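These notes are about the structure you will find just below.
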Amino acid sequence: MSLDPGTSPHLLTAERHIAAARAAAAERRSLREKQAAGGLDAPTAGQRAADAVSAVMGSWRFLISQSVVLGAWVLLNAAAWARHWDPYPFILLNLMLSFQAAYAAPILLMSANRQAAVDRGQARNDYLVNQRAEAEVEELANLIRAQLAQGKEILDRLPTHTG
């Protein structure tokens, strides 16, 4: 809105604050669109499998059950109650654990990398939400300033009574 040259400075200030509030609202809409466009893709079957394997291998149940199996393996082979299928130094057991480690490590890393990507997406989303909140607060502050300036203009136009 263009005002004539005789317009009071309070109205000009109010107009600037309203324009700033409109700009903040436009910025907030832009941030909302960025936030909506930044969604992560659904995990693939391989990623879901890696997450499932990580959930199992990273549990106390797995750790305890594997310890029980390994302890039983060593006891049965060391005690020699039956024929030794893997005598000391337990080469077959070592080979099996090496296979497990060779396959588990990349699977666990895939799951960790995917979780890191999810975390980055959530952090980006949090950042955009914070930017939107900042824009809203700025818009409200500008509107309050505009109202104060308009109120000042109204008060300036009232006749003053000196008693």
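So which residue, out of Pro43, Pro89, Pro106, gets the largest mean-square fluctuation from a GNM of the chain using Cα contacts under 10 Å as springs?
Greatest mean-square fluctuation among the candidates belongs to Pro89.
Find which of Ala45, Pro89, Ala133 sits farthest along the positive direction of the dipole of the chain, computed with +1 on the beta-carbon of Lys and Arg, -1 on that of Asp and Glu, about the Cα centre.
Of the candidates, Pro89 comes out farthest on the positive side.
Checking a compactness column here: for the stretch 9-157, what do you get for Rg(Cα) / (2.2 N^0.38 Å), N being the number of residues? If you can, show how the numbers build up before the last one.
On the way: Rg = 31.7 Å, N = 149, 2.2 N^0.38 = 14.7 Å.
Rg over 2.2 N^0.38 Å, computed on Cα atoms: 2.15.
How large is the dipole of the chain about the Cα centre if only Lys and Arg carry +1 and Asp and Glu carry -1, each at its Cβ, rounded to the nearest 20 debye? Write out the running numbers ahead of the final one.
Details: 16 positive and 15 negative charges, 78 e Å.
With Lys and Arg at +1 and Asp and Glu at -1, about 380 debye.
Could you check which residue among Leu109, Leu63, Leu140 shows the biggest mean-square fluctuation in a GNM of the chain with a 10 Å Cα cutoff?
Its mean-square fluctuation being the largest, the pick is Leu63.
Where does each of Leu12, Leu143 land when they are ranked from fewest to most other beta-carbon atoms within 10 angstrom? Working shown, then result.
Working: Leu12 13, Leu143 18.
Final ranking by Cβ density, sparse to dense: Leu12, Leu143.
Are there DSSP H segments in the chain that both extend 15 Å or more along their axis (alpha-carbon positions) and score a mean Kyte-Doolittle hydropathy of at least -0.5? List them, or say none.
45-57, 60-79, 91-157
When the helix-only estimate is applied to the chain (DSSP H runs of n ≥ 4, each -39,500 (n - 2.57), divided by the residue count), what is the mean residue ellipticity at 222 nm, nearest 500 deg cm²/dmol?
Calculated mean residue ellipticity at 222 nm is -29000 deg cm²/dmol.
With an 8 Å Cα cut-off and a minimum separation of 6 or more residues, compute the relative contact order for the stretch 18-163 in percent.
Working: 66 pairs, mean separation 75.3, N = 146.
The normalised contact order for the stretch 18-163 reaches 52 percent.
Bear in mind that the values in this text are calculations on the coordinates, not laboratory data. Just so you know, these numbers come straight off a predicted model, no measurement behind them. With ideal geometry, Cβ positions are generated from the backbone for all residues, glycine too; neighbour counts draw on all protein chains shown.
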